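Bear in mind these aren't lab numbers, they're just calculated from the coordinates by the rules spelled out. All values derive from a computational prediction rather than experimental measurement. Here the Cβ positions follow ideal geometry from the backbone for every residue, glycine too, while neighbour counts run over all protein chains shown.
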Amino acid sequence: QVQLVESGGGLVQAGGPLKLSCAASGRFFSIDNMGWYRQAPGKQRELVASITGGGSTNYADAVKGRFTISRDNSKNTVYLQMNSLKSEDTAVYYCKADGLLTSRGMRYNYWGQGPQVTVSS
């Protein structure tokens, strides 16, 4: 089992910053990719940013230049620094992690509970 515990959501004014954290715990062999997704009311869940175990990153066009994803492998934690927030960034933000449960190759794919981020204009 893998648990993902997120923190850092809340209410912020437009133009302001907010930082999300997601810590993985439990019994697993490795964490490969970690990422952040978001889902606004009435819309589908979409990728915000992802990062591989080696540190390669990928961003949605809507957040490039404003958001930065990073990870601390020693803490099994991924972060999302969000700057210059806009009202359209308002959504529930979900952390996702995948990797190997065992050295024999059984893969996992888990989601966090999803903190709310609300940007007021």
The stretch 17-31 and the stretch 98-121 have their Cα centres apart by a whole-number Å value of 8
Simple SL model, points at 7 angstrom along Cα→Cβ for R45 and R104; separation in nm is 2.8
Taking N as the number of residues in the chain, the ratio of its alpha carbon radius of gyration to 2.2 N^0.38 Å works out to 1.05
Computed ³J(HN,Hα) along the stretch 79-92: with the Karplus parameters 6.51/-1.76/1.60, θ = phi - 60°, integer Hz and x for glycine or proline, the list is 10, 9, 8, 10, 10, 6, 5, 10, 4, 6, 7, 4, 4, 8
Per the rule of 0.36 nm per residue minus the C-alpha distance, extending Q113 to K75 adds in nm 11.8 nm
Lys pairs in the chain with Cα under 22 Å (8 or more apart in sequence, or on separate chains) total 10
Relative to the compact-globule estimate 2.2 N^0.38 Å (N residues), the Cα gyration radius of the stretch 43-87 stands at a ratio of 1.22
So, with points 7 Å from each Cα along the Cβ direction, the A14-Q1 label distance in nm works out to 4.3
Rounded to the nearest 5, the percent of antiparallel DSSP beta bridges in the chain equals 90
Sparse-neighbourhood loop hits (trypsin sites (Lys or Arg not before Pro), the stretch 35-121; DSSP loop; Cβ within 10 Å at most 12 others) -> K43, K64, K75, R104
